[in-house]
Amino acid sequence: MPRFLVVLDADSTLLEDEVIELLADHAGTRPQVQAVTERAMRGEIDFAESLRERVATLAGLPADVTARAQEAVRVTRGADELVRGVHAAGGTVGVVSGGFHEVLDPFAERLGLDHCRANRLEVVDGVLTGRVLGEVVDAHAKAAALHEWAGADGVGAAHTVAVGDGANDLEMMRVAALSVAFDAKPRVRAEADVAVVDRDLSPVLAALGLRG
Ligand SMILES: [Mg+2]
């Protein structure tokens, strides 16, 4: 089997939750953040703009709120099995997220992921400013990460796989050789090569021809 790369979205794919909503719980802004997230995931509004809008509601929270959000996050069933199966077959796994390194990194490390890219929250004097640092990881950045990691891992474009649930995953799903919609929005399911409907990542192995 040639080398291959699997790139996963984080929020509502590798993770059961939308991390921004867990953070918003601490600011008391979950209802408005959730409404914006829904619209962004359906592709109704620009992702980068929507992220800035949602992060702005977090301004003033202590920076360690990310640690508390991290305790609340649940990894999706089957994630371990998927990562182990891909590694056993000689593949590599990355996660790319419109969420945040501060929350995602420990999961990426624990799962033994090969690549991880997300946004960073700006902190001044121990407090979230309500802004993200640098360029927002949007749909375009997700597709760029897939390209970049394939190059770094010596994987040809024909051996790339993208797994996601939301509209901002569509661009990386289009550039990947195989796209998997995971418990996805209808628009995403319609465009994907394969759809996984249960919230269990292990069937992705079967889509890769590694099981079943
Ligand atoms: Mg998602």
**Request:** Would you be able to say whether some residue in the range 75-89 is charged (D, E, K, R) and modelled with pLDDT under 95?
**Result:** no
**Message:** For the range 1-35, which positions are touching an Asp or Glu at 6+ places or on another chain (Cβ under 6 Å), surrounded by fewer than 19 Cβ atoms within 10 Å (Cβ to Cβ) and not charged (D, E, K, R)?
**Reply:** Q34
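Say whether the condition of being surrounded by 21 or more Cβ atoms within 10 Å (Cβ to Cβ), among the acidic types (D, E) and either more than 16 Å from the ligand (Cβ to nearest atom) or touching a residue at least 40 places away in the same chain (Cβ under 8 Å) (or both) is met by at least one residue in the range 100-111. Working first, answer last.
We begin by selecting, within the range 100-111, every residue surrounded by 21 or more Cβ atoms within 10 Å (Cβ to Cβ); these are 100, 102-104, 108.
From the residues that got through so far, the ones that are among the acidic types (D, E) too are 102.
The next check asks that each one be either more than 16 Å from the ligand (Cβ to nearest atom) or touching a residue at least 40 places away in the same chain (Cβ under 8 Å) (or both); those that pass are 102.
Checked the range 100-111: at least one residue is surrounded by 21 or more Cβ atoms within 10 Å (Cβ to Cβ), among the acidic types (D, E) and either more than 16 Å from the ligand (Cβ to nearest atom) or touching a residue at least 40 places away in the same chain (Cβ under 8 Å) (or both).
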**Request:** Grab the helices (runs of 4 or more DSSP H) fully contained in the range 1-82, keeping just those with 1 or more residues being more than 14 Å from the ligand (Cβ to nearest atom) and of a type in the set (S, T, Y).
**Result:** 65-72
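Would you check if S97 is among the polar types (S, T, N, Q), in a helix (DSSP H, G or I), within 16 Å of the ligand (Cβ to nearest atom) and in contact (Cβ under 8 Å) with a residue 24 or more places away in the chain?
Working: among the polar types (S, T, N, Q): yes; in a helix (DSSP H, G or I): no; within 16 Å of the ligand (Cβ to nearest atom): yes; in contact (Cβ under 8 Å) with a residue 24 or more places away in the chain: yes.
So S97 fails the test.
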**Filter result (at pLDDT below 95 and either within 16 Å of the ligand (Cβ to nearest atom) or closer than 15 Å to P186 by Cβ (or both)) within the range 151-172** = G166, A167, N168
**strands (runs of 3 or more DSSP E) within the range 127-211 that include 1 or more residues touching a Pro at 6+ places or on another chain (Cβ under 8 Å) and not polar (S, T, N, Q)** = 127-133, 194-196
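Given the condition within 16 Å of the ligand (Cβ to nearest atom), under 22 Å from V194 (Cβ atoms) and not charged (D, E, K, R), answer yes or no: does some residue in the range 131-142 qualify?
Quick first cut of the range 131-142, residues within 16 Å of the ligand (Cβ to nearest atom) only: 136-142.
Applying the additional criterion that residues be under 22 Å from V194 (Cβ atoms) yields 139, 142.
Imposing the further condition that a residue be not charged (D, E, K, R) reduces the set to 139.
So far as the range 131-142 goes, yes, one or more of its residues are within 16 Å of the ligand (Cβ to nearest atom), under 22 Å from V194 (Cβ atoms) and not charged (D, E, K, R).
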**the range 128-157, subset over 30 Å from A59 (Cβ atoms) and touching a residue at least 40 places away in the same chain (Cβ under 8 Å), residue surrounded by the fewest Cβ atoms within 10 Å (Cβ to Cβ)** = G154
**Complete:** Among (1) crowded, with 16+ Cβ neighbours inside 10 Å; (2) within 22 Å of R3 (Cα to Cα); (3) more than 16 Å from the ligand (Cβ to nearest atom); (4) within 18 Å of the chain's Cα centre (by Cα), A177 falls short only on (4)
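The values are calculated or read from the model by the stated rules, or taken from the named source; none is laboratory data. Note that the structure is a prediction, hence the values are computed from the model and not measured. Glycine gets a Cβ as well: all are built from the backbone with ideal geometry, and neighbour counts include every protein chain shown.
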